[in-house]
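Data first, discussion second: the structure below is written as structure tokens.
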Amino acid sequence: MRDGILLRNLSFGYGNSRKIIENLYFTADYGEKIFVRGCVGSGKTTLFKIISGLIPVFYNCRISGDVMVFGENSPANFRKHVYLVPQNPEEQIIFEDVEDEIFSVSHDLNLVKRFNADHLISKKTSELSDGEKQLVTLITAFASKRECIILDEPFSHLHPKRVEKLIDYVLSYRGTIIFSDKRYDFLKRFSRVVRVGGVDCDYGCEPQMEIWNTEIGEKVLEVRDLSFAYGSKTILNSINLDLRRGEAISIVGDNGSGKTTLLKAISGILKADGVIVRKGRISLSLQYPNYSFTERTVAEELSFSKDILKTIMGSGILTEELLPKHPHSLSAGESKLVSVLKALKGDIVLLDEPTVAQNYEFGMRIIGLIKKLGKSAIIATHDFRLAEMADVVYELKGGELKLKP
């Protein structure tokens, strides 16, 4: 099969751990558009790393079976044909300047304009929001013009309006597209859907909304005239916000609008002008959680009381088999899950894009847990379905925070 990708009888495991993939048969013709679905930890990202040649070149693992990628059977040569966009764009970005990052692959400015990213060219990559970084990695991927582009949760940090335009471009690409995303809105537009793992994750089926009757109590957080700037650029302009016990607030806004900056300022990570009064312990789950893990097992990271752990386990979010694992051995989706649950140790819970690499039901269950445990939460998200589950929805735009009608 010279004109595409063939994986036959593929089995894979990390070190001495159980096999993540077993006897997999997978094909992709040139020009085919494939949606890969599967639950958190099912092996989707592992599959993508095998096709792109990262595995086994850079990983200690056990792998067997046949892998052929556009006529090549040596993993070291796969990258000549395949470009992988990982879930975490920071893993892909190399250069200090956005212009150098993009021009290292191609000097075609038409693609930058097509992605509506002209405003990013003059920036430093360190100045970009996570969504803007994700946009830059997408531009470099398509500028590479490889036979196959693999997109692993490529839109997780992007505003839905931008996603609508990008998916049209993705599906018009002449080469092969292998795509994975927790959203199922555009699943039917792909030529084929492949499921990885033995459990179906109910794509296309929205669970029935729970009804929470948690009483909203006294104020636990007061933010007054909060302002912050990077150099001469104002990010937050006189923000005022109150949060009460048992209340969940969501904040939406375009990429680079300052949602993450606001959460960091409220948590105290960033020093901003203004007044913040916190009543209770505050905790923050960032978009990329690996840096926050310090323990040897998931159980040690969480370390809840028996009653709280029972409530969490009863929600169906956390499984027993995850508890003994090392936090840095988890998949991206599992890492995000543990980070969000760990944040529930706080009285005031700040969640930055908590549903990245998760399905719709996860967001509903997390808000349910926040209510059941009597926590208060501020959730920054591009997921409008999650945002609408909150008690109050704000929009951050032009540095100002306003109630969303």
**Fill in**
Out of (1) over 19 Å from the mean Cα position of the chain (by Cα); (2) at pLDDT 90 or above, the one Glu320 does not meet is (2)
**Fill in**
Filtering region 330-359 down to residues that are surrounded by fewer than 20 Cβ atoms within 10 Å (Cβ to Cβ) and in contact with a strand residue (DSSP E or B) (Cβ under 7 Å, 6 or more places away or on another chain) yields Lys345, Gly346, Asp347
**Asked** Looking at region 363-378, which of its residues are touching an Asp or Glu at 6+ places or on another chain (Cβ under 7 Å) and either part of a loop (DSSP other than H, G, I, E, B) or on the phi > 0 side of the Ramachandran plot (or both)?
**Response** Lys375
**Message:** Looking at Leu262, Leu270 in this structure, which one is out of contact with any Asp or Glu (no Cβ under 9 Å at 6 or more places or on another chain) and at pLDDT 95 or above?
**Reply:** Leu262
**Prompt:** Quick one: in region 267-288, which of the residues that are farther than 18 Å from Gly399 by Cα and among the charged types (D, E, K, R) is surrounded by the fewest Cβ atoms within 10 Å (Cβ to Cβ)?
**Reply:** Arg281
**Residue that is farthest from Lys80 (Cα to Cα), among those in region 1-54 that are in contact with a Lys or Arg (Cβ under 6 Å, 6 or more places away or on another chain) and β-branched (Val, Ile, Thr)** = Val36
**Item:** Options Ile348, Ile370, Ile312: the member that is over 21 Å from Cys39 (Cα atoms), in contact with a Leu (Cβ under 6 Å, 6 or more places away or on another chain) and in the same structural domain as Ile269 (by TED's automatic domain parsing)
**Value:** Ile348
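Listed here are the residues, each with its yes/no results for (1) more than 24 Å from Thr46 (Cα to Cα); (2) assigned by TED's automatic domain parsing to the domain that holds Arg385; (3) touching a residue at least 40 places away in the same chain (Cβ under 8 Å).
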{"site": "Gln92", "(1), (2), (3)": "no, no, yes"}
{"site": "Phe103", "(1), (2), (3)": "yes, no, no"}
{"site": "Asn116", "(1), (2), (3)": "yes, no, yes"}
{"site": "Ser122", "(1), (2), (3)": "yes, no, no"}
{"site": "Thr125", "(1), (2), (3)": "yes, no, no"}
{"site": "Thr137", "(1), (2), (3)": "no, no, yes"}
{"site": "Asp168", "(1), (2), (3)": "yes, no, no"}
{"site": "Leu171", "(1), (2), (3)": "no, no, yes"}
{"site": "Phe186", "(1), (2), (3)": "no, no, no"}
**Asked** Among the residues of region 377-392, is any closer than 22 Å to Thr319 by Cα and more than 19 Å from the chain's Cα centre (by Cα)?
**Response** no
**Asked** Among the candidates Lys133, Lys123, which residue alone is of a type outside the set (Asp, Glu), farther than 27 Å from Leu7 by Cβ and under 18 Å from the mean Cα position of the chain (by Cα)?
**Response** Lys133
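Every residue, every condition in (1) out of contact with any Gly (no Cβ under 9 Å at 6 or more places or on another chain); (2) buried (at least 21 other Cβ atoms within 10 Å of the Cβ); (3) modelled with pLDDT of 95 or more, yes or no:
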{"site": "Phe115", "(1), (2), (3)": "yes, no, no"}
{"site": "Asp130", "(1), (2), (3)": "yes, yes, no"}
{"site": "Leu135", "(1), (2), (3)": "yes, yes, no"}
{"site": "Lys145", "(1), (2), (3)": "no, no, no"}
{"site": "Cys148", "(1), (2), (3)": "no, yes, yes"}
{"site": "Lys165", "(1), (2), (3)": "yes, no, no"}
{"site": "Ile178", "(1), (2), (3)": "yes, yes, yes"}
{"site": "Leu187", "(1), (2), (3)": "no, no, no"}
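The values are calculated or read from the model by the stated rules, or taken from the named source; none is laboratory data. Here the structure is a predicted model, which means the values were calculated and not measured. As a convention, Cβ positions derive from the backbone with ideal geometry for all residues, glycine included, and neighbour counts pool all protein chains shown.
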